[in-house]
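Student: Here's a structure for you.
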Amino acid sequence: MLSEVSLKRGADMWSADAVARLCLERYSELPKRGKPEPGREWSLLAAVVRASAQGALEEVVSLGTGTKCIGQSAMSPRGDVLNDSHAEVIARRGFVRYLTEQLRRVVCGETSEVLQPADEKGKWRLQPDVCFLFFTTHTPCGDASIIPMVETEAQPCWPVPTEESSDAAPDEKPKRQAGEQGGVATKRPRLTEREEESQEEADLHRTGAKCVPGAPEDPRAPGLGYHRVGVLRVKPGRGEPTLSLSCSDKLARWAVLGCQGALLSHYLEGAIYFSALVTSKCPYSSQAMERALFTRCSQVTGLPSGFHVQQLQLLQSSLEFPHSHAVVHGSWQQDPARRPPPGRVSPCGAAISWCAVSDRPLDVTANGYKQGVTKKAVGTAHARSLICKAELFRAFLALLAATPRSHIPQSLSGRDLHTYWDYKQAARPYQDAWLQLRNQAFPLWPRGPRHLLQFE
Ligand SMILES: [Zn+2]
């Protein structure tokens, strides 16, 4: 047995539970600010973990919480608002801050825990022993969340036992009964509240994320035919429509373009990919995850050197996020006296970003701006999140200013670039990869309004 274990690939040596534990501990160490109000609010959490290729977990380098997304009219031409505050997106942006600081260190001749010089002058790459894992407490919104209920049997949290059904093993699959096809929940005994919610939706865990403009809409047929699968979706939510794509779509994009973004790709030899995606205990289907995160892009060819379609290792942990929707609901079931009045349980409006950087690692926002700023302060530097476009651009320009002339990346040297848009467009291999991905897999990916990217 021992030799079998040691022969395994490095990435198999850490466990999904160990990744989840590390991330949940990091979260629990953060101050209360921005965290959900106990028993009344829930949130989502995502994180990036630095690991060694040999299988050792090193540290959380970025962590994000958040459930919200602003409407189209709240977008800003100054790049100073966070359009999308879902946990995955917050964690990814914090990771960009972390990478920017690592690059700053190496261009100044200091050592980095993750980077080393690449062959081309002015470029850097990950040390061969370094890899990054992505953790989420939930299945990403959008395509990966469209899960036929028959497939949930392997996931560990279904059903949450009630008093009457506490004999049921936690991982027992939902009992299907004759004539169930219409999903009439009231006919069946022993359903937990969570089950009832889902069963009213027939045989499919649904997503509130609508198909992108220009795509045919969901057929909304009963049961399994409700949704189309494998299509781009905008973020779910009530209120004004958003232009932000679902987290399933963004993760699929990062699996081809990397998670470093266009700006940092000037400094990097190739894309930086997450090696694995670890998800907490929640409704989960590895088949839906595979479909959403890489099958949709698997046929993409002609990518520039340094880019490929990354097949993330997909794993699920048995650990649960204490502030998840399911736990907040579950806590009432165990103690109905604590149950808040209907309508009082809501998603937490704040988003927390924490990343492993030396200066101001913590950044708490609400509605896309620093939490607690007045309407009057919006538009000032004081109101900006450190992970908004304008601040990430400012950090990038500071990196460029700190780079000795002899080590300026070729794509930036002697160029007359001014705006955020200019600098992004000048990252040619990245833009070429994006073009291939869009043309071959995601032709309906909405183009953000260009005038919102022209700030300096
Ligand atoms: Zn999401």
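Student: Of all residues in region 202-239, count the ones that are in contact with a strand residue (DSSP E or B) (Cβ under 8 Å, 6 or more places away or on another chain), of a type in the set (G, A, S) and either part of a loop (DSSP other than H, G, I, E, B) or within 13 Å of the ligand (Cβ to nearest atom) (or both).
Tutor: Total satisfying the criteria: 2.
Student: Report every pair of residues separated by at least 6 positions or lying on different chains whose Cβ atoms are under 8 Å apart, first residue within region 240-259 and under 20 Å from G270 (Cβ atoms) and within 9 Å of the ligand (Cβ to nearest atom), second charged (D, E, K, R) and open to solvent by 20 Å² or more (accessible area, probe 1.4 Å).
Tutor: Qualifying pairs under 8 Å: K250/R92.
Student: Scan region 430-456 for residues that are part of a helix (DSSP H, G or I), in contact with a helix residue (DSSP H, G or I) (Cβ under 7 Å, 6 or more places away or on another chain), open to solvent by 20 Å² or more (accessible area, probe 1.4 Å) and touching a residue at least 40 places away in the same chain (Cβ under 8 Å) and jot them down.
Tutor: Answer for region 430-456, where residues must be part of a helix (DSSP H, G or I), in contact with a helix residue (DSSP H, G or I) (Cβ under 7 Å, 6 or more places away or on another chain), open to solvent by 20 Å² or more (accessible area, probe 1.4 Å) and touching a residue at least 40 places away in the same chain (Cβ under 8 Å): Q431, W434, L453.
Student: If you check every pair at least six apart or on different chains, which have Cβ atoms under 8 Å apart with a residue in region 81-98 that is more than 10 Å from the ligand (Cβ to nearest atom) first and a residue that is among the charged types (D, E, K, R) and not in a helix (DSSP H, G or I) second?
Tutor: G94/D363
Student: Within region 41-58, count every residue that is away from the ligand (no atom under 16 Å from the Cβ) and either open to solvent by 50 Å² or more (accessible area, probe 1.4 Å) or touching a Leu at 6+ places or on another chain (Cβ under 6 Å) (or both).
Tutor: 5
Student: For region 136-150, enumerate the residues that are near the ligand (Cβ under 9 Å from one of its atoms) and touching a Phe, Trp or Tyr at 6+ places or on another chain (Cβ under 8 Å).
Tutor: H138
Student: For region 303-319, how many residues are open to solvent by 60 Å² or more (accessible area, probe 1.4 Å) and out of contact with any Pro (no Cβ under 9 Å at 6 or more places or on another chain)?
Tutor: Matching residues across region 303-319 total 2.
Student: Okay, moving on. Pairs needed: first member in region 112-136, on the phi > 0 side of the Ramachandran plot; second member anywhere, part of a loop (DSSP other than H, G, I, E, B); C-beta distance under 7 Å; at least 6 residues apart or different chains.
Tutor: G122/I408; G122/P409
Student: Hey, among L103, L133, which residue is more than 16 Å from the chain's Cα centre (by Cα), at pLDDT 95 or above and open to solvent by less than 10 Å² (accessible area, probe 1.4 Å)?
Tutor: The conditions single out L103.
Student: Could I ask something else about it? Restricting to region 109-124, give me the number of residues that are closer than 17 Å to L399 by Cα, surrounded by fewer than 16 Cβ atoms within 10 Å (Cβ to Cβ) and under 31 Å from the mean Cα position of the chain (by Cα).
Tutor: Number satisfying all stated conditions: 4.
Student: All but one of (1) within 16 Å of the ligand (Cβ to nearest atom); (2) within 23 Å of R33 (Cβ to Cβ); (3) at pLDDT below 95 hold for A74, so report the exception by its number.
Tutor: Checking A74 against (1) within 16 Å of the ligand (Cβ to nearest atom); (2) within 23 Å of R33 (Cβ to Cβ); (3) at pLDDT below 95, the one that fails is (1).
Student: For region 280-302, check the following and say yes or no: at least one residue is within 15 Å of F132 (Cα to Cα) and either modelled with pLDDT of 95 or more or assigned to a helix (DSSP H, G or I) (or both).
Tutor: no
The values are calculated or read from the model by the stated rules, or taken from the named source; none is laboratory data. Every value quoted in this text rests on a predicted model; they were computed, and no experiment measured them. When we count neighbours, we look across all protein chains shown, and the Cβ atoms used for this are built from the backbone with ideal geometry, even at glycine. Heavy atoms of the whole protein, side chains included, go into the accessibility calculation; ligands, DNA and RNA do not. Shrake-Rupley method; radii C 1.70, N 1.55, O 1.52, S 1.80 Å.
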